[in-house]
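Just below is one structure, and these are the notes that go with it.
The values are calculated or read from the model by the stated rules, or taken from the named source; none is laboratory data. Because the structure is a prediction, the values reported are computed rather than measured. What goes into the accessible areas is simple: the full protein's heavy atoms, side chains included, and nothing from ligands, DNA or RNA. Shrake-Rupley method; radii C 1.70, N 1.55, O 1.52, S 1.80 Å.
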Amino acid sequence: MQRLAIYDMDKTITRSPTWMPFLRAWARRRPWRFAALAASAAPAALYLGKRIDRARLKEMTQRLVMGQGAATAAVERVAGRFASNIVTGKVWDDARARIAADRAAGYRVVMATASYDFYVRPIAAALGITDVIATPSTLEHGRLRPRIAGENCYGDAKLRMIEAWMAREGIARADAHVRFYSDHVSDAPTLDWADEAFAVNPHAPLLALAREKGWAVLRWR
């Protein structure tokens, strides 16, 4: 029997979202990009008005702040520094403790997040997590393009991507015991699919669903 402990990242392991802070970290090294960062309010308004979905919002904000083709070497440098900052001061202490406890209990720890893989992987590595399922980015000729290479790892797509990862790893669902941790109701499909579901510092919609479904509620600090 394989034991899997799968964690969402933003506001589950980390204390706050990470995408806009990463873009600010990128712009900090390139001051002329701060105007583009301010302009990202426009695609955000389109998203709130339901004119675009989350995937398109992510691509548009990436294009505005990082351009049509950021050099991958520069992206790796900024992502590495950003990961150090996140892991140093922006991870819940209780998340660290729970990850350690799951490992000690024989669980294979996996991160499954809608955030982009190019900055998630350094964060996961700093936490000692080698298995990462994240929104795939497009790399072409040494450049990071503002285009998702597949699905945004969100909602139903996250569950599909977890199942695809398990298939690649040769893990049959019938032979696995899965724990899943998330703060957001968008992860309801995966929480419902898991053997053990944990709502971490849930917002109101997830808290209501957790009470209805009987999922454990964790208050991390």
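Can you pull the Kirkwood radius for the stretch 123-204, inverse mean 1/r over Cα pairs, to one decimal in Å?
14.4 Å
Compute the Kirkwood hydrodynamic radius of the stretch 74-221, taking the inverse of the mean of 1/r over all pairs of distinct Cα atoms, and give it in Å to one decimal. Before the final figure, lay out the partial values.
On the way: mean 1/r = 0.0608 Å⁻¹.
About 16.4 Å for the stretch 74-221.
Using 0.36 nm times the number of residues separating Asp53 and His177, minus their current alpha carbon distance, what extension gain do you get?
Contour length minus Cα-Cα distance gives 41.4 nm.
If you take the alpha carbon radius of gyration of the stretch 51-103 and divide it by 2.2 N^0.38 Å, what ratio comes out, to two decimals?
Compactness ratio reported: 1.60.
With angles folded into 0 to 90 degrees, how steeply does helix 117-126 sit against the dominant principal axis of the chain? Use alpha carbons for both and round to 10.
So the helix axis and the longest Cα principal axis differ by about 60 degrees.
When the helices in the chain are scored as -39500 (n - 2.57) per DSSP H run of 4 or longer and the sum is shared across all residues, what 222 nm value do you end up with, to the nearest 500 deg cm²/dmol?
Calculated mean residue ellipticity at 222 nm is -14500 deg cm²/dmol.
Kindly provide the pair-distance distribution of the stretch 66-130 built from C-alpha pairs, with 5 Å bins from 0 and whole-percent values in order of increasing distance.
Binned Cα distances yield the sequence 4, 15, 23, 25, 15, 9, 5, 3, 1.
Report the extension gain between Ala39 and His141 in nm, rounded to one decimal, defined as 0.36 nm multiplied by the number of residues separating them, less their alpha carbon distance.
34.0 nm
Would you mind telling me the share, in percent, of accessible area of the chain contributed by carbon and sulfur at probe 1.4 angstrom?
52 percent
Per residue, how much accessible area does the stretch 89-221 have with a 1.4 Å probe, in Å²?
Accessible area per residue, the stretch 89-221: 44 Å².
With springs only between Cα atoms under 10 Å, which of Tyr119, Tyr47, Tyr181 fluctuates most in a Gaussian network model of the chain?
Fluctuation is largest for Tyr47.
Starting from the amide H of Asp131, placed 1.01 Å from N in the peptide plane, find each other amide H under 5 Å away whose residue is 5 or more places distant or on another chain.
Amide H to amide H, under 5 Å and 5 or more residues apart or across chains, Asp131 pairs with Met111.
Straight distance only, please: which aspartates and glutamates reach the Cα of Lys213 with their own Cα at less than 17 Å, same-chain residues fewer than 8 apart left out?
Hits, sequence-local ones excluded: Asp183, Asp187, Asp192, Asp195, Glu196.
Take the chain, connect every pair of alpha-carbon atoms lying under 10 Å apart with a spring to form a Gaussian network, then pick out the residue of Gly67, Gly89, Gly80 with the largest mean-square fluctuation.
Comparing Gly67, Gly89, Gly80 in the GNM, the peak value goes to Gly89.
GNM on the chain, C-alpha springs below 10 Å: top fluctuator among Ser137, Ser182, Ser84?
Top of the fluctuation ranking is Ser84.
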